[in-house]
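These notes are about the structure you will find just below.
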Amino acid sequence: MAHRTAPEGHRILACAPYGRDADHVALLLRNGGYDVSICADLACVARALDDHTGAILLTEDGVRSDLAELREALSSQPPWSDVPVILLAARQSSWVYGPPNRARQLSDLASNIVVIERPLSARSLVSAIDTALRNRQRQFAMRDRLDELAQSARALAVSREALTASEAELRRVADALPVLIGFVDRDYRYRFANKAYEDWLYRSPGTVIGLTVAEAAGEDVFAQRKVFMDRALAGEDVQMQLNWPHRDGRRREAEVRYLPRRNEHGEIDGFHIFAHDVTVRVESEEALRRSADQLEAKVAERTAELNAEIANRARVEAALRQSQKMEAIGQLTGGIAHDFNNMLTGVIGSLDIVRMRLASGKTGDISQFVQLALASANRAASLTQRLLAFSRRQSLDSKPIDINGLVDSLGDLLTRTMGERISVELELDPQLPAGVADASELESAILNLAINARDAMPEGGRLQVQTRVTSLDAAQVAGKPALKPGRYVLISVSDSGVGMAPELVEKVFEPFFTTKPLGQGTGLGLSMVYGFAQQSGGEVRIHSTPDVGTTVSLYLPASEGEAAAPAPEPAAIDSNGEGQCVLLVEDDEAVRTLVRVVLEQLGYVALEASEALVAIPILASARRIDLMISDVGLPGMNGRELAEVARKHRPELPILFATGYAENAAIRASFLGSNMAMITKPFTVEVLANKVGEMLAANRE
């Protein structure tokens with residue numbers, strides 16, 4: 001059926017001019033799915049003849065018209081085209097003297113004629129038509145094949161021309177390169193050689209091509225290099241360096257490469273040869289190695305001298321650092337000793353007077369000397385707290401806080417502290433995130449910086465406190481272990497005072513260093529700010545210009561969350577006990593005795609333990625214990641470890657830590673667990689009483 005609907009050679013041209021033969025035949029064939037076109041005469045057939053024509057169907061009557069146009073149309077067909085012609089004729093018995101004259105003329109026009117005698121069946125006609133159309137389809141298939149062969153032939157001719165041009169271009173390029181280039185097949189015979197062979201083998205390329213390697217280079221050379229050639233023929237990319245001397249004996253070092261080549265079937269049919277003269281490079285490398293050996297010897301000699309100098313310098317620097325360290329320690333201890341001696345004089349002197357007045361029975365004015373002793377002791381406690389801040393060992397309660405709110409709340413206090421001649425300006429970033437810090441220590445740091453700024457403006461001026469958010473990248477925090485890349489809250493305190501010279505700025509964070517007159521400063525204010533910033537995960541920077549002013553910038557980590565809500569005002573607590581039992585764990589006997597006396601004075605029952613190993617059996621017993629007070633820095637097991645043991649025996653036991661200094665307790669949030677609290681030594685009786693009452697009251701709720 002495909003021949004009936006093919007894109008070419010599918011149409012039947014029917015010519016039966018007399019009667020209704022054409023209509024009957026067309027109806028029959030169209031009902032069978034054939035494409036039929038009726039032509040009135042042979043001239044019409046000639047005009048309709050094209051690539052759609054599959055066969056011509058004629059009756060004897062149709063052949064009687066003029067054959068000239070049909071002859072011309074058939075003769076103009078390409079050589080592969082031979083249109084089938086089906087002639088419907090009367091029986092041969094009616095041909096008295098052979099085929100009619102017109103039929104003979106038609107056989108002269110076309111060679112592919114089929115004569116079918118009439119009358120005939122529809123099946124016979126359809127069979128003849130099918131055969132003719134299939135024959136015509138084969139002609140078109142032959143035409144397509146001939147076209148493909150013609151295109152292939154043209155492409156081959158173009159390829160041959162391009163190949164010839166490429167080969168010529170390749171030879172020109174190969175001859176221009178300062179490299180020996182050749183190709184050797186599996187029989188070790190040269191199939192390509194460039195002009196460089198004239199210098200390397202002293203043969204022209206034309207005389208080399210066709211020779212074997214042994215014939216071109218000599219049997220000895222072939223024997224030496226055959227093992228490398230065989231490796232290349234096995235598929236290995238072979239590279240080597242050879243001594244290939246000139247004919248006159250001059251040295252020539254060559255880098256030689258045998259590169260396998262595979263044909264279109266993937267089989268190795270030979271290998272390319274590339275040889276490059278590297279004599280200059282090899283001689284340069286040898287000279288360089290000789291120079292390097294000489295230099296190495298000199299370097300080793302000089303290195304030994306430098307090592308001796310470095311060792312000597314290291315000894316000198318170590319001695320200098322030790323001297324500087326001892327000087328710093330001497331300055332620190334001298335300052336501490338000076339201040340503590342003053343404070344101890346107030347404590348000891350006041351207590352001596354109290355003792356003498358008690359001995360003589362004169363107790364009327366004894367309270368003023370007690371107050372003097374307490375004042376001196378509180379000054380000593382403040383000094384100790386500043387030293388802990390500088391050493392980054394103070395106990396901090398760091399958490400997200402509203403920095404803007406804290407600074408704004410200090411506005412009135414700063415204004416009163418500065419006095420009338422100094423204006424106070426607050427510039428607060430409204431988009432400032434919460435900062436992570438201990439609120440009370442931050443307030444103290446800002447006040448310290450403000451007081452320093454006030455003292456730097458004796459003639460009056462301007463104090464400016466600014467807040468803003470900033471980011472520090474990895475490059476900006478390099479070499480600063482306390483800092484990490486990220487966002488920071490920046491608090492800047494600036495003054496328009498006298499400023500400082502660069503050599504003074506370098507020392508401002510040293511303990512007991514002060515630019516104030518003798519007796520007007522401890523030299524610990526900026527040291528405390530420095531230690532607080534470092535311990536909080538930030539830093540402090542200072543910029544000062546003489547006669548212009550100073551800016552101190554405090555960097556604190558920015559919080560990703562919201563600021564913690566302010567703690568509600570505590571309700572009034574009854575600090576008097578009702579016989580509750582308190583376990584007191586303290587290794588210092590004097591402190592333990594004083595705390596026990598205070599507890600008993602307040603109405604509590606106190607159990608004493610000098611260390612954790614004494615306290616554990618008490619905790620494991622069935623005795624009632626309402627609260628445990630423990631020093632953090634106990635010998636052996638520390639207070640935090642003791643708390644873990646206590647919680648195993650008494651999970652709900654309130655625990656109050658007392659610390660003078662403990663490295664692990666520096667950050668309270670990470671140190672304390674649930675139902676735990678901390679107070680810092682030295683503490684007053686009121687602080688201890690309130691905290692104990694607060695924890696016991698909370699535990700009852």
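Candidates in the range 435-469 are the residues that are under 30 Å from the mean Cα position of the chain (by Cα) and more than 15 Å from GLY537 (Cα to Cα); of these, the one that is most open to solvent (accessible area, probe 1.4 Å) is ARG468. Against the test of being modelled with pLDDT under 90, open to solvent by 20 Å² or more (accessible area, probe 1.4 Å) and within 23 Å of ASP397 (Cβ to Cβ), the options GLY521, GLY486, GLY479, GLY525 yield a single qualifying residue, GLY486.
Quick one: which of ALA223, ALA214 is modelled with pLDDT of 90 or more and in contact with a helix residue (DSSP H, G or I) (Cβ under 6 Å, 6 or more places away or on another chain)? Just a single option satisfies the conditions, and that option is ALA214.
Restricting attention to the range 112-131, the residues being open to solvent by 50 Å² or more (accessible area, probe 1.4 Å), modelled with pLDDT of 85 or more and among the charged types (D, E, K, R) number 1. Within the range 419-465, the set of residues being over 23 Å from GLN535 (Cβ atoms) and assigned to a strand (DSSP E or B) comprises ILE422, SER423, VAL424, GLU425, LEU426, GLU427, LEU428, GLY461, ARG462, LEU463, GLN464.
With respect to the stated conditions, SER544 fails to be at pLDDT 85 or above, of a type in the set (Ser, Thr, Tyr) and closer than 13 Å to ALA445 by Cβ. Is it the case that the range 567-582 has a residue that's at pLDDT 90 or above and either on the phi > 0 side of the Ramachandran plot or in contact with a strand residue (DSSP E or B) (Cβ under 6 Å, 6 or more places away or on another chain) (or both)? Scanning the range 567-582, I find at least one residue that is at pLDDT 90 or above and either on the phi > 0 side of the Ramachandran plot or in contact with a strand residue (DSSP E or B) (Cβ under 6 Å, 6 or more places away or on another chain) (or both), so the answer is yes.
Here is a yes/no grid of residues against (1) open to solvent by 40 Å² or more (accessible area, probe 1.4 Å); (2) of a type outside the set (Asp, Glu); (3) over 16 Å from ALA110 (Cα atoms):
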residue	(1), (2), (3)
ALA16	no, yes, yes
HIS24	yes, yes, yes
LEU29	no, yes, yes
CYS44	no, yes, yes
LEU49	no, yes, no
LEU67	no, yes, no
LEU74	no, yes, no
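Scanning the range 42-87 for residues that are touching a residue at least 60 places away in the same chain (Cβ under 8 Å) and of a type in the set (A, V, I, L, M), we see that the one that is farthest from ILE12 (Cα to Cα) is LEU57.
Is one or more of the residues making up the range 436-446 at pLDDT 90 or above and not polar (S, T, N, Q)? Taking every residue of the range 436-446 in turn, none turns out to be at pLDDT 90 or above and not polar (S, T, N, Q). Put simply, of GLY182, GLY235, GLY218, GLY206 the only residue that is under 15 Å from LEU259 (Cα atoms) and either surrounded by fewer than 16 Cβ atoms within 10 Å (Cβ to Cβ) or among the β-branched types (Val, Ile, Thr) (or both) is GLY235.
The residues of the range 31-42 that are open to solvent by less than 60 Å² (accessible area, probe 1.4 Å) and in a strand (DSSP E or B), listed by number, are ASP35, VAL36, SER37, CYS39.
Could you tell me whether the range 89-98 includes any residue that is at pLDDT 75 or above and surrounded by 16 or more Cβ atoms within 10 Å (Cβ to Cβ)? Yes, because at least one residue in the range 89-98 is at pLDDT 75 or above and surrounded by 16 or more Cβ atoms within 10 Å (Cβ to Cβ). Could you go through the range 639-649 and let me know if any residue there is open to solvent by 10 Å² or more (accessible area, probe 1.4 Å) and at pLDDT below 85. So far as the range 639-649 goes, no, none of its residues is open to solvent by 10 Å² or more (accessible area, probe 1.4 Å) and at pLDDT below 85.
In the list ARG172, ARG143, ARG191, ARG134, which residue meets the criterion of being in a strand (DSSP E or B), surrounded by 11 or more Cβ atoms within 10 Å (Cβ to Cβ) and not polar (S, T, N, Q)? When all the criteria are applied, what remains is ARG191.
Residue pairs whose Cβ atoms lie under 6 Å apart, sitting 6 or more positions apart in sequence or on different chains, and linking a residue in the range 295-320 that is loosely packed, with under 11 Cβ neighbours inside 10 Å to a partner that is outside any helix (DSSP H, G or I), do not occur here. Could you tell me whether GLU283 is at pLDDT below 90, surrounded by 12 or more Cβ atoms within 10 Å (Cβ to Cβ) and more than 15 Å from LEU180 (Cβ to Cβ)? Against the criterion (at pLDDT below 90, surrounded by 12 or more Cβ atoms within 10 Å (Cβ to Cβ) and more than 15 Å from LEU180 (Cβ to Cβ)), GLU283 qualifies.
Look at (1) more than 23 Å from LEU170 (Cα to Cα); (2) basic (Lys, Arg); (3) part of a strand (DSSP E or B) and you find that ARG261 fails only one, number (1). Scanning the range 659-696 for residues that are modelled with pLDDT under 85, among the small types (Gly, Ala, Ser) and not in a loop (DSSP other than H, G, I, E, B) yields ALA665, ALA669, SER670.
Residue count for the range 1-33 satisfying the condition of being under 29 Å from ASP144 (Cα atoms) and either of a type in the set (Gly, Ala, Ser) or at pLDDT below 90 (or both): 15.
Summed over the range 3-20, the residues that are free of Cβ contacts under 8 Å to residues at least 60 places away in the same chain and either farther than 20 Å from ASP51 by Cα or not in a loop (DSSP other than H, G, I, E, B) (or both) give a count of 8.
The values are calculated or read from the model by the stated rules, or taken from the named source; none is laboratory data. Source: prediction; values computed, not measured. Note: ideal-geometry Cβ built from the backbone for every residue, glycine included; neighbour counts use all protein chains shown. Just so you know, the surface numbers come from the protein's heavy atoms only, side chains and all, with ligands and any DNA or RNA stripped out. Shrake-Rupley method; radii C 1.70, N 1.55, O 1.52, S 1.80 Å.
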